[in-house]
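Single-structure report; data block below.
What follows is calculated from the coordinates using simple rules that are stated; it is not laboratory data. Remember, it's a predicted structure, so these values are computed and weren't measured experimentally. Ideal geometry is used to build each Cβ from the backbone, glycine not excepted, and the neighbour counts take in all protein chains shown.
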Amino acid sequence: MIDRYSRPEMAAIWSEQAKFDQWLRVEVAVCEAWAARGAIPPEALPEIRRARLDLARMHVIEQETGHDVIAFLRALGESIGEESRFIHLGLTSSDVVDTALALQLVQAGELLVQGVDRLEAAVTAQALAHRTTLTIGRTHGMHAEPTTFGFKLLVWVDALRHARRRLLAALEELRVGKLAGAVGTHANIPPGVEVDALARLGLQPVAVGTQVIGRDRHANFLGVLAVLASSLEGFATEIRHLQRTEVREAAEPFGEGQQGSSAMPHKRNPILCERISGLARLVRGYAQTALENVTLWHERDISHSSAERVIFPDACLVEDYMLDVLQGVVAGLQVNAARMQHNLEASGGLIFSQRVLLALVEHGMGRQEAYKIVQRHALRAWDEERSFRALLSADPAITARLDDQTLDDLFDVRYHLQHIDEGYRRLGLPV
């Protein structure tokens, strides 16, 4: 991923040096497990633990061998000396690569959980601040019925909690390693060594593997990231719509000195939310590639390997960046409550049509007849820009059942707020 969309802490996890550091951790843990069983002399361990990788030297060797793990082992061995013969005992390349990848993914995933937590905190704060800020709810992009801006954001809080649970579950599936040799049979490295070495790394052994850990776990993880990215895009898209000139109910932060267009000085574009929408497409693409990687030939091929060098670092970097950007947008969101009230009233009362319909039914009119009458007046009010309330009051079929006071009550927006707090209670938030 390019530096523009990479945050330092996540980038550090996926740096080339960090990857090889994890490979070294795996090799050392295996040596320690072998030594505990007497297969490696204990006096060799200090030298093995002091091993350091010369990246430049490794790259030179890889040019010769065309194999990064062999180059890694040769360069590592040069820093150890005679005891290097104990490195990689009984292992195959994928043992090291897959186990080290698990360590990286767990680190990255834990960082993503923190990002979700920060975003949830920002959304929750806004949801509480705007618990009773009236706004119009929209379906199909059209005015529906009143809601509050806080309740709109409450839905995001719930989605982020779902995302957190899915992410934690996916990480638990990834906390496994595999140190079972060429085709996973433990022929050259006994199960006890695998269990011991993985425990030193904080991992569990995969129950059964081939030469690689099954890629269903990895596909699930990237699928979880794709769902989260889609949720973030949904939040960003809502803000983009609310920032439109015709709506102007909420807007991204716009800093002093910021410029929205190279040509039009008046522009304030939702560039951060648009960026999130674009990056979400990448994450969904990475998830698709991960699904393709589940199918490998026999006990192993490396058709997955090249793709994984891209999709895992990039998916984690993009997701981390998206979470951070959206947290800043939400925390600094500019909410225009007056404009929300203006838009709420823009339809001339049409948003109360369902209340009138239900009241007519309650007072004895058939539902289909009531629907047609209310719809006729609603469409006329919209087409002719007239008062919906006035048209209803002039219809004897309606006034025969609903007096003026009843109609006034039906047009009281407070009715729609009577149960708003229930969602807050269900999420354990104060009301």
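Computed from label points 7 Å out along Cα-Cβ, the spacing between Q288 and R386 is 5.2 nm. Note on T399 and I271: with the Förster distance fixed at 60 Å, the Cβ-Cβ geometry gives a FRET efficiency of about 0.70. One decimal place: the segment T132-S15 gains 37.5 nm when fully extended, by the rule 0.36 nm per residue minus the C-alpha distance.
Need one word for segment 339-384: rounded, prolate or oblate. Basis is the Cα gyration tensor (sqrt eigenvalues a ≥ b ≥ c); a/c below 1.5 gives rounded, then a/b vs b/c decides.
It is oblate, given that a/c is not under 1.5 and a/b is not larger than b/c.
In order along segment 327-343, phi translates into HN-Hα couplings of 4, x, 5, 5, 4, x, 4, 9, 9, 10, 5, 5, 5, 4, 5, 4, 5 Hz, rounded to whole numbers, per the Karplus curve 6.51 cos²θ - 1.76 cosθ + 1.60 with θ = phi - 60° and x for Gly and Pro.
What size of dipole, in debye to the nearest 20, comes out for segment 350-410 about its Cα centre when the only charges are +1 on Lys and Arg C-beta atoms and -1 on Asp and Glu C-beta atoms?
The dipole magnitude comes to about 240 debye.
Mean-square fluctuations from a GNM of the chain, with a 10 angstrom spring cutoff on Cα atoms, peak among A11, A378, A100 at A378. The base-10 log of I(q)/I(0) for the chain, evaluated at q = 0.09, 0.11, 0.12 Å⁻¹, reads -0.72, -0.90, -1.00 [Debye formula, identical scatterers on Cα atoms, solvent excluded].
Ranking of V113, V224, V176 by neighbouring Cβ atoms within 10 Å, starting from the fewest: V113, V176, V224.
When only Cα pairs below 8 angstrom with a gap of at least 6 residues are kept, segment 350-410 shows a relative contact order of 36 percent.
Net charge of the neighbourhood of L379, taken over other residues with C-beta under 13 Å away and scored Lys/Arg +1, Asp/Glu -1, is +1. Note on segment 28-154: dipole from Cβ charges, positive end direction compared against G109, H59, L134; the farthest Cα belongs to L134. Amide H to amide H distances under 5 Å link G137 with A144, E145, T147, where only residues 5 or more positions off or on other chains count and H is placed in the peptide plane.
Full extension of the chain between T237 and H363 yields a length gain of 41.2 nm, computed as 0.36 nm times the residue separation minus the alpha carbon distance. The GluC sites (Glu not before Pro) of segment 249-299 that DSSP puts in a loop, and whose beta carbon has at most 16 other beta carbons within 10 Å, are E256, E299.
By the scheme Lys and Arg +1, Asp and Glu -1, what is the net charge of all other residues having a beta-carbon under 11 Å from that of M340? Surrounding charge for M340 is +1. The stretch between F254 and D408, if pulled fully straight at 0.36 nm per residue, gains 51.3 nm over its current Cα-Cα span.
Here is how the number arises for the chain: DSSP H runs of 4 or more residues each give -39500 (n - 2.57), the sum is divided by the residue count, and the result at 222 nm is -20500 deg cm²/dmol.
For the chain, the longest principal axis of the alpha carbon atoms and the long axis of helix 367-384 meet at an angle near 90°. Computed over segment 229-305, the quotient of the alpha carbon radius of gyration and 2.2 N^0.38 Å is 1.69. Here the spin labels are modelled as points 7 Å beyond Cα on the Cα-Cβ line, and at D301 and R200 they lie 3.6 nm apart. Rg and Dmax of segment 147-240, based on Cα coordinates, read 19.5, 65 Å. A263 to R339: FRET efficiency via 1/(1 + (r/R0)^6), r the Cβ-Cβ distance, R0 30 Å, to the nearest 0.05? The pair A263/R339 has a calculated efficiency of 0.70.
How large is Rg over Rh for segment 350-410, taking Rg from the Cα atoms and Rh as the Kirkwood inverse mean of 1/r across Cα pairs?
Rg/Rh: 0.92.
Pull out a ≥ b ≥ c, the square roots of the eigenvalues of the alpha-carbon gyration tensor of segment 1-84, then state rounded if a/c is under 1.5, prolate if not and a/b is larger than b/c, and oblate in the remaining case. Because a/c hits 1.5 or more and a/b fails to exceed b/c, segment 1-84 counts as oblate.
Amide H to amide H, with H built 1.01 Å from N, L427 comes under 5 Å of no residue 5 or more places away or on another chain. Residues whose amide H lies under 5 Å from that of Q204, counting only those 5 or more places away or on a different chain, are V176, G177; hydrogens are built 1.01 Å from N in the peptide plane. Along segment 409-423 the Karplus relation, 6.51 cos²θ - 1.76 cosθ + 1.60 evaluated at θ = phi - 60°, assigns HN-Hα couplings of 5, 5, 9, 8, 5, 4, 4, 6, 9, 5, 10, 4, 5, 4, x Hz to successive residues, with x for each Gly and Pro. Dipole magnitude for segment 130-220: about 340 debye, using +1 per Lys or Arg Cβ and -1 per Asp or Glu Cβ, origin at the Cα centre.
Loop exposure criterion: trypsin sites (Lys or Arg not before Pro), DSSP state outside H, G, I, E and B, at most 14 other Cβ atoms within 10 Å. Applied to the chain, the longest stretch between such sites is 53-243. Note that segment 102-115 has calculated 3J(HN,Hα) couplings of 4, 5, 5, 5, 5, 4, 5, x, 5, 5, 5, 4, 4, x Hz, one per residue in order, obtained from phi through the Karplus relation 6.51 cos²θ - 1.76 cosθ + 1.60 (θ = phi - 60°); glycine and proline are x.
The label-point distance for A187 and H419, in a model that sets each label 7 Å from Cα toward Cβ, rounds to 6.6 nm.
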